[in-house]
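In what follows, a single structure is set out as structure tokens and then discussed.
The values are calculated or read from the model by the stated rules, or taken from the named source; none is laboratory data. Keep in mind that this is a model prediction, so the values were computed, not measured. No Cβ is skipped: glycine too gets one built from the backbone with ideal geometry, and neighbour counts run over all protein chains shown.
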Amino acid sequence: MFSPKYSITNRLLGNIKRIAEIVTDLNSRSFSRVVFLEMERRAREISVYSSTSIEGNPLPLTDVKKILKNKPEYVRDSEKEVLNYNKALVELDELIKTEKISLDIEWLEKIQKMVTDGLIAPHRWGHIRKEPVFVNDPRTRTTIYLPPDHQEVIGMLNELFDFLKKNTNAVDPLILAGIFHKQFVIVHPFVDGNGRTARLATKVLLAKMGLDTFNLFSFENYYNSNVTKYFEEVGLRGNYYDIKDHIDFTNWLEYFTDGIIDELLRVKKELEKETVSPDNALKDYHQKIIDFIKDKGFITDKDYAELTDRAKPTRNLDFRKLIELGIIVKVGKGKATYYKLK
């Protein structure tokens, strides 16, 4: 039975509280669809670049952006790796929105298949490993970790999923997601693609537990800023069977939540920068419309006329701007027209 050892330190508790505060603040704001779409695109580019870079992909961010934009038909392995990760992000995001994904061994295999498509031998593509593996230090090329025997992988994964299921309402989602991420890396269930699969699966898990990380958020960016630190925190050194009784998740959970805070603050800063541009800036009278709808559920032109002294043609322009920004939608026609939040 999987029973991870960890402590709820002041730092971990403070991080969880800080994350809740930032998320609440972001959720209380109104941002235009134009801003969100641009932020989604940037976040996906950063995620793709960072997660593949962590694994040694040499392509700089500028090249990654070009590849994602042009999607060339004939590509090298490094470019294929980028396209695979981007495709996985898009497909998993859509599945999360439609609630058609639930993490289990079958889905782990599907995710690994997405990121390794065309890059490894077919019998290792989308399948739990059936052979021993070892982890090398990318700098010295020497073996630093021997994962569990392949005969134990499926059992260990099932125990991990059982742990998540039993503790869904008892343990904070951030702690569960962090434990999942590190334990996945410890088990090392695939011959290749473990790191990319771990990060994508953790994104799915966080989204299903309420913290949607796909659209605007890229914790891969934090890990890639100091890859050595990431590997030290998430990985192990030695033979699994010699150290398994001494594994403590505390330091990793602190680091894991540090990364989420760092990325949330980056997103918050970017959103604030976007929303102060002339095209996206909202005036007091725009905010009056939004506040009225939040209070009453909808607003009519007559309601708006009572809130402001703006002429009818100008009021129409105000409604149109909020529609173009993706904040409100128009319902009905003629005198029956009203507006509500999108």
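Say we look at the range 192-242 and pick out the residues that are basic (Lys, Arg) and touching a Phe, Trp or Tyr at 6+ places or on another chain (Cβ under 7 Å); which of these is surrounded by the most Cβ atoms within 10 Å (Cβ to Cβ)? Only one residue tops the list, namely 203. Answer yes or no: is there a residue in the range 52-69 that is assigned to a helix (DSSP H, G or I), modelled with pLDDT under 95, crowded, with 17+ Cβ neighbours inside 10 Å and under 13 Å from the mean Cα position of the chain (by Cα). No - not one qualifying residue is present in the range 52-69. Scanning the range 318-342 for residues that are at positive phi and either crowded, with 18+ Cβ neighbours inside 10 Å or not in a helix (DSSP H, G or I) (or both) turns up 326, 332. Evaluated against (1) assigned to a helix (DSSP H, G or I); (2) within 18 Å of residue 181 (Cα to Cα), residue 101 falls short on exactly one condition, (1). Screening the candidates 143, 168 for the property of being at pLDDT below 95, closer than 22 Å to residue 56 by Cα and β-branched (Val, Ile, Thr) yields one hit, 143.
Against the list (1) under 24 Å from residue 233 (Cα atoms); (2) surrounded by fewer than 15 Cβ atoms within 10 Å (Cβ to Cβ), the condition residue 85 fails is (2).
With the condition kept exactly as written, say whether any residue in the range 243-262 is outside any helix (DSSP H, G or I), assigned by TED's automatic domain parsing to the domain that holds residue 121, surrounded by fewer than 18 Cβ atoms within 10 Å (Cβ to Cβ) and in contact (Cβ under 8 Å) with a residue 60 or more places away in the chain.
yes
Residues of the range 206-232 that are assigned to a helix (DSSP H, G or I) and under 9 Å from the mean Cα position of the chain (by Cα): 206, 207, 219, 220.
To keep it simple, each residue is scored yes or no on (1) outside the structural domain of residue 128 (by TED's automatic domain parsing); (2) buried (at least 19 other Cβ atoms within 10 Å of the Cβ); (3) in a loop (DSSP other than H, G, I, E, B).
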residue	(1), (2), (3)
148	no, yes, yes
153	no, yes, no
157	no, yes, no
161	no, no, no
174	no, yes, no
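Would it be correct to say that residue 116 is under 23 Å from residue 194 (Cβ atoms) and either among the hydrophobic types (A, V, I, L, M, F, W, C) or within 22 Å of the chain's Cα centre (by Cα) (or both)? For residue 116, the condition - under 23 Å from residue 194 (Cβ atoms) and either among the hydrophobic types (A, V, I, L, M, F, W, C) or within 22 Å of the chain's Cα centre (by Cα) (or both) - is met. Here residue 269 does not qualify as without any contact (Cβ under 8 Å) to a residue 12 or more places away in the chain, out of contact with any strand residue (DSSP E or B) (no Cβ under 9 Å at 6 or more places or on another chain) and not assigned by TED's automatic domain parsing to the domain that holds residue 221. Tell me yes or no: at least one residue of the range 88-102 is under 29 Å from residue 147 (Cβ atoms), in the same structural domain as residue 234 (by TED's automatic domain parsing), crowded, with 19+ Cβ neighbours inside 10 Å and without any contact (Cβ under 8 Å) to a residue 40 or more places away in the chain. Looking through the range 88-102, none of the residues is under 29 Å from residue 147 (Cβ atoms), in the same structural domain as residue 234 (by TED's automatic domain parsing), crowded, with 19+ Cβ neighbours inside 10 Å and without any contact (Cβ under 8 Å) to a residue 40 or more places away in the chain.
Residue count for the range 293-317, restricted to those that are within 25 Å of residue 35 (Cβ to Cβ) and either outside any helix (DSSP H, G or I) or under 33 Å from the mean Cα position of the chain (by Cα) (or both): 8.
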